[in-house]
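Nothing in this text is a laboratory measurement; each read-out follows from the coordinates by a stated rule. This is a predicted model, so every value here is computed, not measured. Cβ sites come from the backbone with ideal geometry, for glycine too, and all protein chains shown count toward neighbours.
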Amino acid sequence: MAPAAGLQLAFAIPNFLIQEQSVGLHYDQDNDVLDHLLDPGPLTFTGGRATRHPRPGPGVEIDEAAVERAAELGHRWRGPSWRHEDGSFAEW
């Protein structure tokens, strides 16, 4: 839902520049942000760009059964702690 809400806002701002998203990234392989949608079509990115979908509002429908299954499984994901060779923190 968060990516859809962010894009809805972005499409409403005439001078909007960039919206980061994590669709298909290495750390989301087992729990992608699109896995809980009935139709991920409205959040399809082509060439690094999102296309505004004609549906009203955020344009997505949540798969409530998938959300309930995910809640039962829980998760072990934690933000990575990356460091440079000298031991200082690195952004991820």
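Below 10 angstrom from the Cβ of residue 63, what's the summed charge of the other residues (Lys, Arg +1; Asp, Glu -1)? Numbers along the way, then the final one.
Working: positive: 69; negative: 35, 39, 61, 64, 68.
Once positives and negatives cancel, what remains is -4.
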If one takes the longest principal axis of the Cα atoms in the chain, at what angle in degrees, from 0 to 90 and to the nearest 10, does the Cα axis of helix 2-12 lie? 60
How big is D for the chain, in µm² s⁻¹ as a whole number, if Stokes-Einstein is applied with the Kirkwood radius of its Cα pairs at 37 °C and 0.692 mPa s? 213
Principal-axis tilt of helix 64-73 within the chain, Cα atoms, nearest 10 degrees: 20
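Taking 0.36 nm per intervening residue step and subtracting the Cα-Cα distance, what contour gain separates residue 62 from residue 19 on full extension?
On the way: separation 43, 0.36 × 43 = 15.48 nm, distance 2.11 nm.
So the chain would gain 13.4 nm between residue 62 and residue 19.
Using 0.36 nm per residue of separation minus the Cα-Cα distance, give me the extension gain between residue 9 and residue 86 in nm, one decimal. It would help to have the intermediate numbers written out before the result.
Numbers: separation 77, 0.36 × 77 = 27.72 nm, distance 4.03 nm.
Residue separation times 0.36 nm, minus the Cα-Cα distance, leaves 23.7 nm.
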